Each structure stands twice: as C-alpha cells, then as structure tokens.
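Beneath this line is the structure, given in structure tokens, with notes to follow.
The values are calculated or read from the model by the stated rules, or taken from the named source; none is laboratory data. For clarity, every value in this text was computed on a predicted model and none was experimentally measured. Note: ideal-geometry Cβ built from the backbone for every residue, glycine included; neighbour counts use all protein chains shown.
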Amino acid sequence: MKISTLVLAVILSLSFTIQGCKSTATNESKTGNVLATVNGAPITGDDVFLRLGGHEQFIDSPVRDEVLDEVINDELLYQKGVKLGLDKDEKFQSAVRMMERRITAYKRAEIARRVRDTQIAAKVNMTDQDVKDYYEKHAEQIATELHLGVLQFADKAAADEALARIRAGASFEKVGAEQPKGPGQNWDKGFLHWNQIPIEIADTVYGLKKGEVSGVLTASPAGIFIIKVIDRKKNPKTEFANVKAIVENRLIKIKIQEAYDRYLQELKKESTIKKFADGKKAS
C-alpha cells in the first residue's frame, strides 16, 4: 500500500514549516518499541521514525500506521530479494560499504568533537591577566588595520606557481585579476581589522612592509594564500576596554589550539601510525 497523497502532502508541508525542529533526542519509549515482526525480523519505532523524516509528532498519529505498512512491505521485499541472491550484486555491496564508511566517519568525527570539547577545551584556563598581557604584547597589531590583497588557492602547487610568476616580475594585481572568480573571490579585501586575519599568519602578515608580498601562507581551515600589504592605518578605538572581548575570544582560541596540539602529540607518542603511499586494500 502506498502512502496516501494526503499523508504525503502533510509530511512534505511540515518539512518546510518546521525545518530545524527535528528531534535530536527522541522519546525512546516511542521509537524503540517493536511495532511489528516480519518472519521474526523486528520493525521498530525507529524504522518508522526514519521513514517519517524525523517528524516525531507523527509517531502517535494515523500516519504512523500507513508508514508502518510501507516499512513492512519493504521488509517483505527485502527478505525475498535476499533469498534471490540480489544482495550479492556488486553495486549493492559497494553502496552498502559506502554507507558503512559514512557511519564510521560520523562516529569518528562526533567522538573526536566530544573529546575536543570535554578533554581539551573544557580544561583550558584563562585569567583576566592573561588577556591583559596578550593585549599589551600585540597592541601594535591590534591598533593597526591592514589593506590587504589576498590570493587564495585550492592547493599549494597553484600557489607556488603564482608566487613564482610574481617573483619573476608579474604584478600581484595582474595575477589576482587572472584568478578564478566566485562569490567573495575579489582579491582586494580592503582594510581588515587585526581579528579578521587568521591567527596562524597574523604575525607574518603584520611583518610585511607596505607594498610587500608574502610567500605562500597556510591557515587551517581558512586555506592557502599569498598576501600583499597595500596600505596601513591606525584604528583609534582600540583601547583595552573597547577590545577586551575580542582579545579574550582570540586568546581562548589560541590556548585551545595549543592544548589540542599538545594532546595530539601525546596520543601520537602512545600510538602506532602507518601511512601507505599507494593505498592498501581494506580487509
């Protein structure tokens, strides 16, 4: 039995009107229950919940019963397909392997995020004096805005090629004009505040003289750059009281990154990591 047109319309309508309202912590008593079995194979509320696109409000509605019938039909066809050997098809197996890798990738990324949050970021301490000291050390940068030309590249090889052209006499502006254009890809970025320049390259960029072009710079995850300082000007509103929150924000990012690097170094010391240049067939 197909889902009725009316039911389908309701689901689609709600998907537009309540986007972002999908439950992230569903009611286990509703979605975890076994609602049916097909030759012993359980069909649970989770199966129906997924088919409903995560709209928890349908779990106790008549819509659920129609969707449950659809899932039962699919399970019948699935079981028959397995008996016919259709699950041995290489395209099907390849698709399943890719879905399994996606699950693995999700688990890896989510647990890594939780470790960063609970074992690294949560344990970073910062005092008001730390913020004050950082401000005083970087007062000159903080008080200076830079008019920057920025060439951004997808890979280092392209950046190296562009830099070689500039070093050989091609103007930065000419190379910039030839860059592929996309949203936000204009090479002339105008005047930027200190906190708009990636932390990893800020010291290098501020060390450039007016008219000078950098080497190839990498700032993760921002990308790969070649930067020209077109002009400089002072920002008169950079007293500590005015920028304390910005400095605090930047400093906590630096401290978290430093803690993250230390944490990873310790993990690497305890681990065996092998890289295979030509790849290795997964077992």
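Structure above, values below:
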item: Selection from segment 175-229 of residues that are in a strand (DSSP E or B), in contact with a Gly (Cβ under 9 Å, 6 or more places away or on another chain) and over 14 Å from residue 153 (Cα atoms); result: 188, 189, 213, 228, 229
item: Subset of segment 155-176 that is in contact (Cβ under 8 Å) with a residue 60 or more places away in the chain and within 27 Å of residue 194 (Cβ to Cβ) - its residue that is surrounded by the fewest Cβ atoms within 10 Å (Cβ to Cβ); result: 156
item: Qualifying positions in segment 109-159 - in contact with a strand residue (DSSP E or B) (Cβ under 9 Å, 6 or more places away or on another chain) and assigned to a helix (DSSP H, G or I); result: 156, 158, 159
item: Within segment 70-99, tally of residues that are under 18 Å from residue 46 (Cβ atoms), without any contact (Cβ under 8 Å) to a residue 60 or more places away in the chain and not hydroxyl-bearing (Ser, Thr, Tyr); result: 5
item: Members of segment 116-134 found to be of a type in the set (A, V, I, L, M) and in contact (Cβ under 8 Å) with a residue 24 or more places away in the chain, listed by number; result: 120, 121, 124, 126, 131
item: Flag if residue 208 is more than 25 Å from residue 130 (Cβ to Cβ), of a type in the set (A, V, I, L, M), out of contact with any Phe, Trp or Tyr (no Cβ under 9 Å at 6 or more places or on another chain) and buried (at least 16 other Cβ atoms within 10 Å of the Cβ); result: yes
item: Checking residue 137 against (1) among the basic types (Lys, Arg); (2) touching a helix residue (DSSP H, G or I) at 6+ places or on another chain (Cβ under 9 Å); (3) closer than 27 Å to residue 235 by Cα; (4) without any contact (Cβ under 8 Å) to a residue 60 or more places away in the chain, the condition it does not meet; result: (2)
item: Failed condition for residue 112, given (1) over 30 Å from residue 256 (Cα atoms); (2) at pLDDT 95 or above; result: (1)
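Matching residues to (1) part of a helix (DSSP H, G or I); (2) under 28 Å from the mean Cα position of the chain (by Cα); (3) under 22 Å from residue 138 (Cβ atoms):
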| residue | (1), (2), (3) |
| --- | --- |
| 231 | no, no, yes |
| 251 | yes, yes, yes |
| 265 | yes, yes, no |
| 271 | no, yes, no |
